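Report on the structure given below.
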Amino acid sequence: MRRQSLLLLLVLSLPSVLHAQTIELSLDASEVARKLLHAKMRIPASPGALTLVYPKWLPGEHGPTGPITDLVGLQFSAGGKPVAWHRDPVDMYAFHVDVPAGADAVEVAVDYLSSSAPSGFTSAASASPHLALLTWSQVLLYPQGARSDEVMFKPSLRLPAGWKYGTSLVTARESPEGIELAPVSLTELVDSPVLTGEHFRVVPLGGPNGDVELHIAADSAAALAISPELTESLRRLVQQADALFGARHFERYRFLLTLSDHVAHFGLEHHQSNDTRMPERALLDDTLGRLSIWILPHEYVHSWNGKHRRPTGLATPNYQEPMQGELLWVYEGLTQYLGNLLAARSGLFTTRQYHERIARVAADLDHRPGRAWRPLVDTTVAAQLLYGASDAWASYRRGVDFYNEGWLIWLDVDTLIRQQTQGRRSLDDFSRSFLGGASGPAAVKTYTVDDVFKALNDIHPYDWRAFLLERVSPSGDRAPLGGIERGGYRLVYNDQRNQLLEDVENGGAELTDAGSSIGIRVSSDGEVRDAIPGTPAYTAGLAPGMKVIAVNGRRFSPDVLRDALSSKGATLALLIENQEFFTQVSFPYEGGLKEPHLERDESKPALLDQILAPLR
Ligand SMILES: [Zn+2]
């Protein structure tokens, strides 16, 4: 009953739109192989001025990334007659029309040009001739000012012949003409992408009602061959998440996994699904698998941390309202901590893999001169800019460091709670109370930073405000390594290869990381991607965009560079190409390879090992 009066209030405040009525949206994806989507909408309206908007701020992308330039072919009509439209001169995402007398709805037709860009989250490449990830926000308009929770949509879908699909939306009816999905709010629609493809597989992952499933679309049938071991680890992931949080806030959950070399590679969280995109052979190739598998537990954790519990600044009433990312060190940082922890507890990572990953992360963040000018909190506030920032000068600029530095900070918190309570309490307890709570349907429960401090204090009384703000706010010159050390380990550097660095070099990114030694990261053909201020290579004049042609008189390759770094007591002579000009730089270097690892510190209890042990 309360809901009805709320709707009435909304209708009265926005007279040209009948919110109580449902918007019909039909998406025709039959031409997605040529990157063209067609959509039609019927939007209930009453005569007079009407402004419709295209989603601009997309949840999980933490920025104004709605791909407005790829929206084309706009046509408005009412009662079969065309209606003129014009774009707002200031807000590029708003379209104004005059609904003619006698009309009770506006019909809108749009096309969407599905991008081929290699990066940019959902606005980037999302389709191949064999598969597509369909994102509803790309093909819809909704009434300006409306709250997305209160606008209802009735979606339907047409797919290429023979393609299967997966989504957390409920299918109402299937026929040769298409698929009708059950009506949902705009919030749930935008939060519920559809994965479709010719080569498709469903893998049940269990849960009390068997309601968690992995849906895979791949560019080949062969790429769908998930191993029994990986399937078992993913089933354990679901069990370990249940054990950690003690509650669920979804009715069903779909891991939507795209395997293609022709789409952008990333993960995007949703409340009841995730959109995760990996190289085609990620389930077949060990190196590719080790590099990408962390995304699945990360996105799954987001159902609790980010979707159910959300900072107030990121819980906006609709997609036009700007988001504020200041608490992304909780939203993303804690998710990075818990996702990696669940990967280890479920067997998706071995303990060694976890150690090698966190060692690399810690080494990377411990060689970040940018922290001298930019506190971590500024990487969260500026996240909407930094996701699109260049890799060049990454150590000086700093990027979205709140993910991995958040991992270190929350390990710091977890080990401190365990140490001070003699193992009686831990961040598991915080996860259960703050992120778990009571089970129920998908719903957002917002929080402020004070809520975080209070919830931590409820687990273990301590000055968490001072502890966390000291790590988030000021600029220091070192990464927060306290959690590794209290966890019973040390960050060390030696000539042994770090497994993650080796994988990164061999698995597509082809990046050789000499950041901890001479201070550069280079591509497999010698292009300098980053030069870290204060390091030997930087001091010798190297900078991003230059190319290392030869090392000690021999043509550059990652092995040639590594051999030269390992030969102690030598001078390093680099032939550098800078645009069309060549220079030779030489500097003494005898530090060795300096690849990061964790080393056990026997003087302390191995808290980190306890943290990574599966829950019963
Ligand atoms: Zn995330």
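With a 1.4 Å probe and all protein chains left in place, how much of the accessible area of region 361-465 comes from carbon and sulfur atoms, in whole percent? Roughly 52 percent of what the probe reaches on region 361-465 is carbon or sulfur.
Once the mean of 1/r is taken over each pair of separate Cα atoms and inverted, region 283-375 shows a Kirkwood hydrodynamic radius of 15.2 Å. Roughly how far apart, in whole Å, are the Cα centres of region 169-216 and region 339-392? If you average the Cα positions of each part, the centres end up 32 Å apart.
Note that region 144-202 presents 44 Å² accessible area per residue, ligands and nucleic acids not counted, probe 1.4 Å. The Rg/Rh ratio for region 434-558 is 1.15, where Rg is the radius of gyration of the alpha carbons and Rh is the Kirkwood radius.
Spread over its residues, the convex hull of the C-alpha atoms of region 22-164 is 121 Å³ per residue. Cross-link partners of residue 81 among lysines, defined as those whose alpha carbon lies under 24 angstrom from its own and excluding same-chain residues fewer than eight positions apart: 40, 154.
Solvent-accessible area per residue in region 252-392 equals 27 Å², computed with a 1.4 angstrom probe and all protein chains kept. Both radii were evaluated on the Cα set of the chain; the Rg over Rh quotient, with Rh as the Kirkwood radius, amounts to 0.99. Measuring from a point 7 Å past the Cα of residue 443 along Cα-to-C-beta, which residues in region 119-159 have an amide N at less than 20 Å? Inside the label zone: 147-152. Separation of region 263-323 from region 502-574 is 32 Å, based on Cα centroids.
Of all accessible surface on region 193-338 at a 1.4 Å probe, what whole percent is carbon and sulfur? Mind dumping the intermediate values first?
Values: 1930 of 4180 Å².
That share works out to 46 percent.
With the simple spin-label model, which puts each label point 7 Å out from Cα in the Cβ direction, the residue 578 to residue 170 separation comes to 6.5 nm.
Take the residue pairs 445/604; 56/454; 568/604; 35/445; 164/307; 35/56 and return only those whose Cα atoms are more than 29 Å apart. Too far apart for the 29 Å limit: 445/604; 56/454; 568/604; 35/445.
Here's the picture: a label point sits 7 Å out from the Cα of residue 88 along the beta-carbon direction, and within region 301-326 the residues with their amide nitrogen under 14 Å of it are 318-322. Distance between the 7 Å Cα→Cβ label points at residue 492 and residue 420: 3.1 nm.
Tell me, what is the per residue accessible area of region 64-134 in Å², probe radius 1.4 Å?
Details: 3200 Å² over 71 residues.
That works out to 45 Å² for each residue.
Compared with the direct C-alpha span, the chain from residue 602 to residue 563 gains 10.8 nm at full extension, assuming 0.36 nm per residue. Entry note, the chain: the mean residue ellipticity at 222 nm calculated from DSSP H runs of n ≥ 4, each adding -39500 (n - 2.57), is -7500 deg cm²/dmol after division by the residues and rounding to the nearest 500.
The values are calculated or read from the model by the stated rules, or taken from the named source; none is laboratory data. Keep in mind that this is a model prediction, so the values were computed, not measured. All Cβ positions, even for glycine, are placed from backbone atoms using ideal geometry, and neighbour counts span all protein chains on display. Surface areas here come from the heavy atoms of the whole protein model, side chains and all, with no ligands, DNA or RNA. Shrake-Rupley method; radii C 1.70, N 1.55, O 1.52, S 1.80 Å.
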